[in-house]
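Below is one structure; the comments refer to it alone.
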Ligand SMILES: [Zn+2]
């Protein structure tokens, strides 16, 4: 793990980390070692985020549909499994 300054960007020619305000790469001498117009990592990050969001959405949908499928049943089961105390109470009150 190498500590990289936040303001440093890899040179487009030699991939050496260059300060953002540097106009010439100190390693290979290339002018404007970083390309300001071309975002180097943003599209990938955005695509990854979109994929992640889609996967999370699908997972959520599956989860919710599973809840819808098994929710009422589970509730009924819970009611069935409850000790007869509450049931008798309800019976007695009526
Ligand atoms: Zn360079």
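The values are calculated or read from the model by the stated rules, or taken from the named source; none is laboratory data. Owing to the predicted nature of the structure, the values given are computational and were not obtained by experimental measurement. Counting neighbours? That spans all protein chains shown, and the Cβs are built from the backbone with ideal geometry, glycine included.
General observations
- Among (1) within 35 Å of the chain's Cα centre (by Cα); (2) surrounded by fewer than 10 Cβ atoms within 10 Å (Cβ to Cβ); (3) at pLDDT 80 or above; (4) within 16 Å of the ligand (Cβ to nearest atom) - the single one residue 31 does not satisfy: (1)
- Across region 1-28, the qualifying residues are those that are near the ligand (Cβ under 9 Å from one of its atoms) and out of contact with any strand residue (DSSP E or B) (no Cβ under 9 Å at 6 or more places or on another chain), and the one among them that is modelled with the lowest pLDDT is 12.
- With respect to the conditions (1) in a loop (DSSP other than H, G, I, E, B); (2) surrounded by 10 or more Cβ atoms within 10 Å (Cβ to Cβ); (3) at pLDDT below 65, residue 38 lacks only one, and its number is (2).
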